[in-house]
Amino acid sequence: MAFVNEHVPEEDIKKYGLEEINQCYGKSNVRPDWTIDRENDIYLRWIMSGEEEFKNQHDFTFYWKGTLIFVRLRITNGKLLGTRGWANWRLVMMNLPEELEEKKPEIIADLKAALAVYKDFGVYSSMIDYTVTFEF
């Protein structure tokens, strides 16, 4: 199964402890959404974007097979034209636990796959044709 953008079903909010995660990051109690690969137990959730000179910086939680990883990315270049667009993502930081260091190439590949499906705003994206490139 591949990644898909969707609103998080109520049972998954509880299963993954999303209300507690939201509280940790000061997210309001809006209906959560994510980019998920259910078969591989991996999801990507946008948490927040920076302001002013950091407006292209985006914080995500990346749940990878039982481990919640904080990821900060920056869009270094991109463009949106109606329903078409592109973005170049740079990895700023990732709090990868030491025990997963040997899995880092696999985790990075899954993160890239999730971002390609996430496009510009996950479930709220109106992009039909969207290309992503990476600096990591």
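List of remarks:
- The Ala109 and Glu11 beta-carbon pair, evaluated with R₀ = 35 Å, returns a calculated FRET efficiency of approximately 0.80.
- Taking a straight line from the alpha carbon of Lys79, these lysines sit under 20 Å away, with near neighbours fewer than eight places off in the same chain left out: Lys55, Lys112, Lys119.
- Taking all protein chains as shown and a probe of 1.4 angstrom, Glu99 keeps an accessible surface of around 140 Å².
- Computed from backbone phi, the HN-Hα couplings of segment 93-108 come to 7, 8, 8, 7, x, 4, 5, 9, 3, 5, 9, 3, x, 5, 5, 4 Hz, rounded to whole numbers (Karplus: 6.51 cos²θ - 1.76 cosθ + 1.60, θ = phi - 60°; Gly and Pro given as x).
- Percentage, to the nearest whole number, of Cα pairs in segment 4-71 over 17 Å apart: 40 percent
- For segment 40-136: rounded, prolate or oblate by the Cα gyration tensor [a/c cutoff 1.5]: prolate
- Inter-probe distance in nm under a simple model that places probes 7 Å from Cα toward Cβ, at Phe70 and Arg38: 3.1 nm
- Considering only the chain, percent of DSSP beta bridges that pair antiparallel, nearest 5: 85 percent
- Accessible area per residue was computed with a 1.4 Å probe on protein heavy atoms; Thr76 scores about 50 Å².
- For the chain, the Cβ-based charge dipole about the Cα centre amounts to some 420 debye (Lys, Arg positive; Asp, Glu negative; other atoms uncharged).
- Overall, segment 1-80 carries a charge dipole of about 220 debye about its Cα centre when +1 sits on the Cβ of Lys and Arg and -1 on the Cβ of Asp and Glu, all other atoms neutral.
- Considering only alpha-carbon pairs that sit under 8 angstrom and 6 or more positions apart, the relative contact order computed for the chain is 22 percent.
- Carbon-plus-sulfur accessible fraction, segment 1-82 (probe radius 1.4 Å, protein heavy atoms only): 49%.
- Subtracting the Cα-Cα distance of Ser126 and Leu80 from 0.36 nm times their residue separation leaves 15.5 nm of extension gain.
- Amide H contacts of Ile47 (H built 1.01 Å from N, in plane; Pro and chain starts excluded): Asp59, Phe60, Thr61 sit under 5 Å, all sequence-distant by 5 or more or on other chains.
- Taking all Cα pairs closer than 8 Å and separated by 6 or more residues, the relative contact order of segment 1-53 comes to 43 percent.
The values are calculated or read from the model by the stated rules, or taken from the named source; none is laboratory data. The structure presented is a predicted model; accordingly, all values stated were derived computationally and were not measured. Heads up, the Cβs are rebuilt from the backbone with ideal geometry, glycines too, and the neighbour counts pull from every protein chain shown. Each accessible area value is taken on the protein alone, full model and side chains, heavy atoms only, with ligands, DNA and RNA left out. Shrake-Rupley method; radii C 1.70, N 1.55, O 1.52, S 1.80 Å.
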